[in-house]
1. Give me the percent relative contact order of the chain, please, defined on Cα pairs under 8 angstrom at least 6 residues apart.
2. At q = 0.26 Å⁻¹, what base-10 log of I(q)/I(0) does the Debye formula yield for the range 1-60 when every alpha carbon is treated as an equal point scatterer in vacuo?
3. Based on DSSP loop calls and a cut-off of at most 13 other Cβ atoms within 10 Å, the longest stretch of the chain free of exposed trypsin sites (Lys or Arg not before Pro) is what?
4. If you roll a 1.4 Å probe over the heavy atoms of the protein chains, what accessible area per residue do you get for the chain, in Å²?
5. Under the definition of Cα pairs under 8 Å and six or more residues apart, what whole-number percent is the relative contact order of the range 29-93?
6. Would you mind computing Rg(Cα) / (2.2 N^0.38 Å) for the range 30-81, counting N as its residues?
7. Rounded to a whole number, what is D in µm²/s for the range 46-115 from Stokes-Einstein with the Kirkwood radius over alpha-carbon pairs (25 °C, 0.890 mPa s)?
8. Give the carbon-plus-sulfur fraction of the accessible surface of the chain in %, rounded to a whole number; probe 1.4 Å, heavy atoms of protein chains only.
Amino acid sequence: QVQLVESGGGLVQAGGSLRLSCAASGRIFVINVMGWYRQAPGEQRELVATITGGGSTNYADSVKGRFTISRGNAKNTVYLQMNSLKPEDTAVYYCNAEQFNGNYWGQGTQVTVSS
C-alpha cells in the first residue's frame, strides 16, 4: 500500500558526511511518523531517529549531536543528515513510515564508513 525508497548511502571516510533521503508513495492517508533505523552486521535493527508530522524528533543516544532528521519540502519525504561519521555507523539504513494501517519499510541503503 505504501512504498518507501531510500537513497544517498555510500562509502565515506571517517569524519565525513552523508545525507540519506526517503520518499513515500502509494496509497497514503496520513503518515504520522517517519524515521530511520539501521542494522549493522550481526546486530539487531535499532532506531536512529524519528520525526512526527508536528516536527517532534527523537534520536538514539549514539547519534545525538551528529545526525539530524528532517522533513523535505516535497510531500512524504524525510532526510537524515549524518555528520562526523564513525566506522560504528556502518550499517544498512532503513526508512520507516507509520500509518494507521501499518508500519512500512524501505529496502535499505548501505552506509559504510572507513577508518
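1. 37 percent
2. Those come out to -1.28, one per q.
3. In the chain, the maximal stretch lacking such sites is 76-115.
4. The answer is 53 Å² per residue.
5. 30 percent
6. The range 30-81 yields a ratio of 1.17.
7. 186 µm²/s
8. Carbon plus sulfur share of accessible area: 46 percent.
The values are calculated or read from the model by the stated rules, or taken from the named source; none is laboratory data. This one's a predicted model, so the numbers in the text were calculated from it and none came from an experiment. FYI the Cβ positions are ideal-geometry reconstructions off the backbone, even for glycines, and counts take in every protein chain you see. Ligands, DNA and RNA are excluded from the accessible area calculation, which covers all protein heavy atoms including side chains. Shrake-Rupley method; radii C 1.70, N 1.55, O 1.52, S 1.80 Å.
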